[in-house]
Every structure is written in C-alpha cells, then in structure tokens.
Amino acid sequence: MRFADTIGNPEAVSALREMVDSKKIPHSMLISGPAGIGKMQLARAFIAYLNCSNRINGDSCGVCPECRRIEAGNNPDIHYIYPIHKKGKTHTLCAHYADEWKKMLHDSPYMSLPHWNSLLDAGNSKPVIYVTEADAISTAAAMSAYADAYKVFVIWLPERMNPETANKLLKVIEEPYDDTIFLAVSNRPDLIMPTILSRMRRIDMRAPDTDTIEKALIARGVSMESAHEAAFMSQGSLLKAFETLGNGGETVEFNDYFQNAMRAAFARNAVAGRQFSENVAALGREKIIRLMEYFTRMIRENFIANLKIGVLNTMNSSQQQFASKFAPFINAANIEMLLSETDRASADIARNANAKLVIFDYFLQLMIALHRGHSKI
C-alpha cells in the first residue's frame, strides 16, 4: 500500500509524509472521518512509508522486503487491534482472528463493517475491543521492536473499546516507549474516551467529492459511464462506489426489499406485508438497521424526484425507473410520517424489540402513509 494508491485527501497525505520526513512522529495519532473513505488504506500507506528502505518521490517503493511484509500483513512490528466477537472464554484477543483480519484487508480494504461481522460470524452481536487486548498491548509495547525502528499499534474503531479497555490503554498512551506509535483509525471520534482523544494528534479526512471518485475509477480502468454512475451513487463513500461497480454489498438486495414493500403497501396487501416482516426479521438486528437506513435514503430520494430536482438525486438506473412511477406518492402530505416511522422502526430494532412485530407494524404504517395525499399512479 502506497500513498499513490489512496484516493483524495491530499492534505492528510502531506501531513503524514511530513511527519516521517521531518522525523517528528507523534507517539499517538488518530485518522478520523466518515466510514468507507479509505482511512485504513491511508494508515497502511503511512506505515509503509515509515518503514520503506527505498522511498521514491515522497512515497514508499512497494517492492522492498519491508513494503512486501507490510502489504502481506506479516511484519512482526505492526500490531492490528480491532473489535471482535469473542467465542467462549478463550477467543478474546485479536490474534485469534488474524486470518479473518487478513481476509478483511484483502477483500474489503475500505473497511465494510457488515463484511467484518460476517467474517466473525457475529450475527446480531456488536463486536468490541475487550480488556484482554489492552493487557496484550501493554506487554507487546514493553518489548523492543524486532526489525524496524518502530512498533506500530493500529487500532481500528477505537470507539468500540469498552471503558475498562480504554482506561487500561490510557496508561500506555500517557507514558509511551520511544519506539512505539499508536495509530487509531476511527469513524466516530466523538465516542472515544476524551482522555485518550486529547492525547492524540488528529488527522481528519473528508469524503472525496464525486469528481475525484469518478476520475480515480477511470484511472483504474473503469469505463466512463460506469465510473460516473458509481461516483454519483457513492455519496462520498469509496466503499459504496466499489460495491456499486461490483453489484456487491447489499444495495441490490435492499433495493428489492424497498420496491416490493412499497408496492405491497400501496396495494394494501397484508399477506405480502406479513411475508415481508418475516423475511426482514430473518436478516438479524444489525442488517435490519442498515435496511432501514436504506429505506430512509430511498424515501428522501423519491421525495426529491417528486419535486423535480434531478440534480440532487443520487439514484442508479433501477432506482430511477421505480421512482418515475412511485415518486408522486412521496409528497408533503406524508414525507414526515414515512421518515419518522422508519426511524422508529430502526430504533425499536436497536432496542431488541420483536423484529417480526416491529416490521409488520412498520408495513401497516406504510400503507396508511402512502394513501395520504391525492396523487395516483
């Protein structure tokens, strides 16, 4: 991984490069920004540049032994810490999931949380960083680096440390060893314990704009038409852009759920609504919440389409085709109800309410909302 492989955020790249070039590297750093924009890729590019034995034009070479070890995840001085779903009393350390982590970095370099949950077989549970990890970090930090000048602890999603873990890690961060660097990569820095956050040099990343994403995709061999659509759909998320290109992720699946649910609700088809609730309930809590987020987005997109403000739409061709007939039913008479009921369903699911009951009730509210107003297909 090199700086040249990252997309957007040249200021963040320059800041990290300058740290290495000036040999003024903070012992604790935080790379923060929205999910799916390449923060972990930038972190890995920084580590490669830090350790590369043959830097070229402000970047790592990508071919020296140090670069190859870092790319393969085999450098003993690079420690990755990440939230896990512990199994029993034995699998409570990240080291127990090293194979899954390597697969994650290879298959989903823009760090898809749903993909990580599936690799962990976490189901409805929320992976966290356990206190046993803080003890392991303290032990490893006390040892000398094996081959490189620095030991680097890369913490993905430090906001998922439980309080006991955070308090123990704070002691190591407050009194760091000379050859130790902590590099946190966070989607939600506001959820990190303030005493830890205050000790970190923060580098904020922004979501790249549509033009930047489109040009980057074209440079990687994507056709202009596909790059344009993926960039338009991405809303600044490189993860979404690449998922769109591969028809991957959950977009296609969620789109089917949305369109079928809206058709059935408009037709007042309670039987289809019950089947919808059973199918959605089987997805599991975390995935249902993501589905409700998708419903929220599509409701807003159809409302915008109904207002004929095409420049604000970020729908793909399938979504636009559906909206061409459905959008008139998302109007000023029901938009607030549709959004509030979607939010309520998501909140109820997050509180572990009975998913079948919540989703079926949500379907009934969709029936009521869609028949408000006077438009007809």
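Taking the 0 to 90 degree range and rounding to the nearest ten, how far is the long axis of helix 355-370 tilted relative to the main principal axis of the chain, both from C-alpha atoms? That helix lies at roughly 50 degrees to the long axis.
Distances between placed amide hydrogens fall under 5 Å for PHE182 paired with SER28, MET29, PHE153, all partners being 5 or more residues away or on another chain.
The modelled label-to-label distance for the pair ASP209/ALA15, using points 7 Å beyond Cα in the direction of Cβ, is 2.0 nm. Taking a point 7 Å from the Cα of HIS371 along the Cα-to-Cβ direction, the residues of the stretch 259-278 with backbone N closer than 12 Å to it are 265-270.
Here the stretch 70-103 is scanned for amide nitrogen atoms under 16 Å from the site 7 Å beyond the Cα of GLU174 along Cα-to-Cβ, giving none.
Rounded if a/c is under 1.5, else prolate if a/b beats b/c, else oblate: with a ≥ b ≥ c from the C-alpha gyration tensor eigenvalues square-rooted, which is the stretch 277-344? It comes out prolate by the Cα gyration axes.
Residues whose amide H comes within less than 5 Å of that of TYR80, counting only those at least five positions distant or on another chain, are VAL154 (H built at 1.01 Å from N in the peptide plane). The loop-placed trypsin sites (Lys or Arg not before Pro) in the stretch 168-238, going by DSSP, that have at most 15 neighbouring Cβ atoms within 10 Å of their Cβ come out as ARG206, ARG220.
Considering only alpha-carbon pairs that sit under 8 angstrom and 6 or more positions apart, the relative contact order computed for the stretch 3-206 is 32 percent. Semi-axes of the equivalent ellipsoid for the stretch 250-370, computed as √(5λ) from the eigenvalues of its C-alpha gyration tensor and ordered from largest down, come to 23, 15, 13 Å. The C-alpha radius of gyration of the stretch 121-259, expressed as a fraction of 2.2 N^0.38 Å, stands at 1.38. In vacuo Debye scattering of the stretch 64-112, one point per C-alpha: log10 I(q)/I(0) at q = 0.13 Å⁻¹? The calculated log intensity ratios at q = 0.13 Å⁻¹ are -0.35.
Applying the Kirkwood pairwise sum to the alpha-carbon positions of the stretch 83-159 produces a hydrodynamic radius of 13.7 angstrom. Computed on the Cα atoms alone, the convex hull of the stretch 1-114 gives a volume of 120 cubic angstrom per residue. Taking chymotrypsin sites (Phe, Trp or Tyr not before Pro) in DSSP loop states with no more than 15 other Cβ atoms inside 10 Å as exposed sites, the chain has its longest site-free stretch at 178-377.
For the stretch 3-206, the extents of the C-alpha atoms along the principal axes are 48, 36, 32 Å, listed from largest to smallest.
The chain has equivalent-ellipsoid semi-axes of 42, 25, 17 Å, by the square roots of 5 times the alpha carbon gyration tensor eigenvalues, sorted largest first. Between 0 and 90 degrees, rounded to the nearest ten: what's the tilt of helix 39-51 against the longest Cα principal axis of the chain? Compared with the principal axis, the helix lies near 10 degrees. Here the Kirkwood formula, the inverse mean of 1/r across different C-alpha pairs, assigns the stretch 121-170 a hydrodynamic radius of 12.3 Å. Rounded to the nearest whole Hz, the Karplus-based 3J(HN,Hα) values (6.51 cos²θ - 1.76 cosθ + 1.60, θ = phi - 60°) of the stretch 267-283 follow the sequence 7, 6, 8, 5, 5, 5, x, 5, 5, 4, 5, 5, 5, 5, 4, 6, 6, with x at glycine and proline. May I ask you to derive the relative contact order of the chain, considering only C-alpha pairs under 8 Å and at least 6 residues apart, and to give it as an integer percent? Across the chain, relative contact order equals 17 percent. Helical content of the chain, expressed as a calculated mean residue ellipticity at 222 nm, amounts to -16500 deg cm²/dmol (DSSP H runs of 4 or more residues, -39,500 (n - 2.57) each, divided by residue number, nearest 500). In sequence order, the stretch 20-32 has phi-based couplings of 5, 4, 8, 6, 10, 9, x, 6, 9, 9, 9, 9, 10 Hz under the Karplus curve 6.51 cos²θ - 1.76 cosθ + 1.60, θ = phi - 60°, and Gly or Pro positions carry x. The slack between SER118 and SER340, meaning 0.36 nm per residue of separation minus the straight C-alpha distance, is 77.0 nm.
Taking each residue as 0.36 nm, the span from ASN74 to ASN167 lengthens on full extension beyond its C-alpha to C-alpha distance by 30.6 nm. For the chain, the longest principal axis of the alpha carbon atoms and the long axis of helix 98-107 meet at an angle near 60°.
Pairs with C-alpha atoms separated by more than 25 Å, drawn from the list LYS240/LYS287; LYS39/LYS126; LYS103/LYS215; LYS103/LYS171, are LYS103/LYS215; LYS103/LYS171.
Using a Gaussian network model of the chain in which every pair of alpha carbons under 10 angstrom is joined by a spring, one finds that among ASP190, ASP77, ASP59 the greatest mean-square fluctuation is at ASP190.
Laboratory data are not the source of any read-out in this text; all were calculated from the coordinates shown. Quantities reported herein were computed from a predicted structural model and do not represent experimental measurements. For neighbour counting, all protein chains shown are included, and Cβ atoms are generated from backbone atoms with ideal geometry for every residue, glycine included.
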